[in-house]
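Asks: One structure is given below, represented as structure tokens, and several questions about it will come after.
The values are calculated or read from the model by the stated rules, or taken from the named source; none is laboratory data. Because the structure is a prediction, the values reported are computed rather than measured. Here the Cβ positions follow ideal geometry from the backbone for every residue, glycine too, while neighbour counts run over all protein chains shown. Remember, those area values only see protein heavy atoms, side chains included, never the ligands or the DNA or RNA. Shrake-Rupley method; radii C 1.70, N 1.55, O 1.52, S 1.80 Å.
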Amino acid sequence: MRAYFEFAGRTRTLAVTFAATAVFLILVFPNLPVGGEMLDMKPGYSYDEAIESMEQYGPDGRTTYAWGSAVLDTLFPICYVTFFAGLIYRFRLTEGTWVLAFIPVVAGIGDLAENAQITAMLIQYPDVGATQVAWASAFTTFKGWIGPVYQLLGLGLLLLAMIRAAVRAIRSR
């Protein structure tokens, strides 16, 4: 895993994965014609809310969402996990804190589990069980909780590195 983190922390890798993450967030997901708010964009949901959303999507929306969840929302975690793991690894405060780069990896695994559950529900609709919805919602809630943790950590470490570089530049004058 350490070799992956080293790869993720390279400048070119950070730039590409940042750009890809932004494209997914700004252009791809908001423009998927699913016919309603995507389940994985909610903080969580009950069985009734999930069924209501899937009814609202309609057959075409469910098909589009299932395809997007299985394909696009598998590529997306690869991008954001690589970006944030690379950021955390590259700008870690001490050598021993490199393990913090695992936080976005854990988030990505949870996101992929969520995607698998949502895809299965969309394909199985209307034969969706309450337990399956509960699992999907739990993964969605987990993703919503852990996301700010690795995002603040990665961006905080980047900001700290920028401040340190600015201070060194001022002192070297």
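Asks: Can you compute 3J(HN,Hα) from phi for each residue in the range 84-92, using the Karplus curve 6.51 cos²θ - 1.76 cosθ + 1.60 with θ = phi - 60°, rounded to whole Hz and x for Gly and Pro?
Replies: 6, 5, x, 4, 5, 5, 5, 9, 4
Asks: Explain nothing, just the number: dipole magnitude of the range 6-134 about its Cα centre with +1 on each Lys and Arg Cβ and -1 on each Asp and Glu Cβ, in debye rounded to the nearest 20.
Replies: My answer is approximately 740 debye.
Asks: Let me ask something else. How far, in degrees from 0 to 90, does helix 47-67 lean away from the longest principal axis of the Cα atoms of the chain, to the nearest 10?
Replies: 80 degrees
Asks: May I pose another question? Quick one, what does Rg over Rh come out to for the range 31-91 if you take C-alpha atoms and the Kirkwood Rh?
Replies: Ratio value, two decimals: 1.13.
Asks: Just want to confirm a number: the relative contact order over the chain, from Cα pairs under 8 angstrom separated by 6+ residues, in percent.
Replies: Reported as a whole number, the value is 28 percent.
Asks: Roll a 1.4 Å probe over the protein chains and send me the accessible area per residue for the chain in Å².
Replies: With the other protein chains kept in place, the chain gives 54 Å² per residue.
Asks: Using +1 on the beta carbon of Lys and Arg, -1 on that of Asp and Glu, and nothing else charged, what's the dipole of the range 64-173 about the Cα centre, debye to 20?
Replies: 940 debye
Asks: Please report the Cα spread of the range 88-131 along all three principal axes, rounded to whole Å, starting with the longest.
Replies: Extents along the principal axes, in whole Å: 51, 16, 7.
Asks: Which of rounded, prolate or oblate describes the range 118-172 when judged by the alpha-carbon gyration tensor and an a/c cut-off of 1.5?
Replies: Note, shape of the range 118-172 comes out prolate.
Asks: Now for a separate question. Scan (i) 13.4; (ii) 11.0; (iii) 11.4 for the value of mean projected area of the Cα convex hull in nm² calculated from this model and give just the label.
Replies: Answer label, from the structure shown: (ii).
Asks: How many percent of the accessible area of the chain is carbon or sulfur, using a 1.4 Å probe?
Replies: The computed percentage sits at 68.
Asks: Now a separate question. In the range 21-70, if the dipole is taken from +1 on Lys/Arg beta carbons and -1 on Asp/Glu beta carbons about the Cα centre, which of Trp67, Tyr45, Ile26 is farthest to the positive end?
Replies: Of the listed residues, the answer is Ile26.
Asks: Ignoring ligands and nucleic acids, what accessible area does Thr141 show with a 1.4 Å probe (Å², nearest 10)?
Replies: 70 Å²
Asks: Using the alpha-carbon centroid of each, what span in Å lies between the range 80-98 and the range 125-173?
Replies: So the separation of the two Cα centres works out to 12 Å.
Asks: Considering the options Gly96, Thr82, Val106, tell which one lies farthest towards the positive end of the dipole of the range 46-111, charges being +1 on Lys and Arg and -1 on Asp and Glu at the Cβ, about the Cα centre.
Replies: Highest projection toward the positive end goes to Gly96.
Asks: Nothing charged except the Cβ atoms of Lys and Arg (+1) and of Asp and Glu (-1): what's the magnitude of the dipole of the range 19-72 about its Cα centre? Round to the nearest 20 debye.
Replies: 260 debye
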